[in-house]
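Undergrad: Sharing a structure below in structure tokens format, with a few things to ask.
The values are calculated or read from the model by the stated rules, or taken from the named source; none is laboratory data. Keep in mind that this is a model prediction, so the values were computed, not measured. Cβ sites come from the backbone with ideal geometry, for glycine too, and all protein chains shown count toward neighbours. These accessible areas exclude ligands, DNA and RNA; they are computed on the full protein's heavy atoms, side chains included. Shrake-Rupley method; radii C 1.70, N 1.55, O 1.52, S 1.80 Å.
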Amino acid sequence: MNAKKLNSPAPKLLKRQQAEERYNMSWNTLVKAAREAGALVHYGRSVFFNATIMDTFFDGLSGAE
């Protein structure tokens, strides 16, 4: 059986502690930024952050491309 090919790779999802360490932000600030960027992912009672969207969002704020 052939494996299904995806056009885009799966998003990298970060847990709370991973996101706090990666972006060096507190929980509340991180959630505010993720909501503004549209990178907040809820799966059941868990909350994840889409790293691809967050990286693009922060690059846009700093003017880097």
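Undergrad: Order the following by accessible area, largest value first: Y43, Y23. Probe radius 1.4 Å; ligands, DNA and RNA are ignored.
TA: Y43, Y23
Undergrad: Q17 versus T29, label points 7 Å from Cα toward the beta carbon: distance in nm?
TA: With each label point 7 Å from Cα toward Cβ, the separation is 2.1 nm.
Undergrad: Expressed as a whole percentage, what fraction of the accessible surface of the range 12-65 belongs to carbon and sulfur atoms when a 1.4 Å probe is rolled over the protein heavy atoms?
TA: Of the solvent-accessible surface of the range 12-65, carbon and sulfur hold 48 percent.
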